[in-house]
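Only one structure is covered here, and it is reproduced in the block below.
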Amino acid sequence: MALKLPTRQDYARRIARAIALIAADPARNPGLEDLAAAAAFSPFHFHRIYREITGETPAETLARERLSRAAGLLARERLPIAAVARRCGYGSAAAFTRAFRAAYGVPPAAYRDAGGIGRPRPEPGDEEDWMNEVTIRDEPALRLATLAHRGPYMGIGTRFDLLAAWARARGLEGPATRWIGLFHDDPGSVPADALRAEAAMTVPEGVEASDGVILRTLPPTRLAVLVFRGPYAELERAYRRLYRDWLPGSGEEPADQPAREEYLNDCRSLPPAEWLTAVMLPLRPAA
């Protein structure tokens with residue numbers, strides 16, 4: 001299905017309403033009629049248009065939302081499996097266990113009891129190696145298209161889905177596109193509903209803001225970088241390693257910028273155990 005640019009942009013706005021309906025409550029399974037009505041499309045054509053704009057089906061979007069929420073609950077709240085299954089919309093603990101094992105490679109109880117499956121990369125050979133996991137690099141200025149997010153950080157995935165739909169409608173997504181999260185607050189100190197973040201992607205000059213997307217430029221920045229392999233629900237482990245273990249002994253000072261995450265591979269095509277995220281701490285210029 002080849003769509004002209006103005007049509008794609010209009011379709012993306014309408015599909016964004018369906019994405020928002022799915023993300024509003026992953027425990028609910030909105031039907032075809034509800035999703036099509038939210039996007040103002042005929043139910044006969046909604047699925048094809050949704051897949052054209054987003055690159056996946058509504059069922060795949062819903063499954064990602066549910067499993068992302070489940071991983072966060074298991075990693076942070078250590079709830080009984082049946083309670084997590086109910087909160088995430090599964091009809092039984094058995095159905096949830098099958099879905100979670102298929103995606104994460106381990107059953108949810110094992111994931112919860114082990115505290116997750118991710119780890120900083122490369123894997124440390126001994127307790128002293130964590131200092132060598134962090135690298136410092138100079139990042140040039142970045143021109144970004146951003147969508148603001150407010151609330152629990154695990155909910156930012158929906159903002160990336162919306163941003164991706166906006167970008168695809170304008171032909172802006174390509175092999176060189178970088179996907180970056182900006183996180184303004186400490187989730188251990190700020191109430192979950194007050195947390196501030198931004199979903200962002202790199203864009204070339206000449207792109208215009210629209211549909212809630214804001215353009216901003218990050219200045220050239222020194223960054224302390226730790227690459228984490230594993231589910232996004234476990235990224236707090238990388239932050240602890242950076243802030244608790246590395247920063248106090250590094251001789252560095254943090255800059256007045258939010259922490260960043262760059263998502264280095266495709267979470268839609270790879271299992272969560274293989275997701276790579278660069279967790280980045282902005283630093284003051286070297287003396």
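The values are calculated or read from the model by the stated rules, or taken from the named source; none is laboratory data. Because the structure is a prediction, the values reported are computed rather than measured. Positions of Cβ are generated from backbone atoms using ideal geometry, with glycine treated the same way; all protein chains shown enter the neighbour counts.
A residue that is surrounded by 14 or more Cβ atoms within 10 Å (Cβ to Cβ) and outside any loop (DSSP other than H, G, I, E, B) occurs somewhere in the range 202-212.
Among the residues of the range 226-238, are any among the hydrophobic types (A, V, I, L, M, F, W, C) and in a helix (DSSP H, G or I)? Give the derivation first.
Initial filter on the range 226-238 (among the hydrophobic types (A, V, I, L, M, F, W, C)): 226-228, 233, 235, 238.
Restricting the remaining residues to those that are in a helix (DSSP H, G or I) gives 233, 238.
The answer is yes; a qualifying residue exists.
I'd like to check something: does the range 166-180 contain any residue that is part of a strand (DSSP E or B) and modelled with pLDDT under 95? Within the range 166-180 (the criterion being part of a strand (DSSP E or B) and modelled with pLDDT under 95), the answer is no, since none of the residues qualifies. Assessment of the range 32-49 against the conditions (modelled with pLDDT under 95, within 16 Å of the chain's Cα centre (by Cα) and not polar (S, T, N, Q)) yields no matching residue.
Quick one: would you say Pro271 is surrounded by 12 or more Cβ atoms within 10 Å (Cβ to Cβ), touching a residue at least 12 places away in the same chain (Cβ under 8 Å) and under 15 Å from the mean Cα position of the chain (by Cα)?
Taking the combined requirement at face value, the residue satisfies it.
When Gly171, Gly181, Gly212 are checked against the criterion of being more than 19 Å from Gly157 (Cα to Cα) and not assigned by TED's automatic domain parsing to the domain that holds Gly105, Gly171 stands alone in meeting it. Inside the range 199-228, residues that are out of contact with any Pro (no Cβ under 8 Å at 6 or more places or on another chain), touching a residue at least 40 places away in the same chain (Cβ under 8 Å) and charged (D, E, K, R) make up a count of 3. When the test is whether a residue is modelled with pLDDT of 95 or more, surrounded by 15 or more Cβ atoms within 10 Å (Cβ to Cβ) and either at positive phi or not hydroxyl-bearing (Ser, Thr, Tyr) (or both), Val225 passes it.
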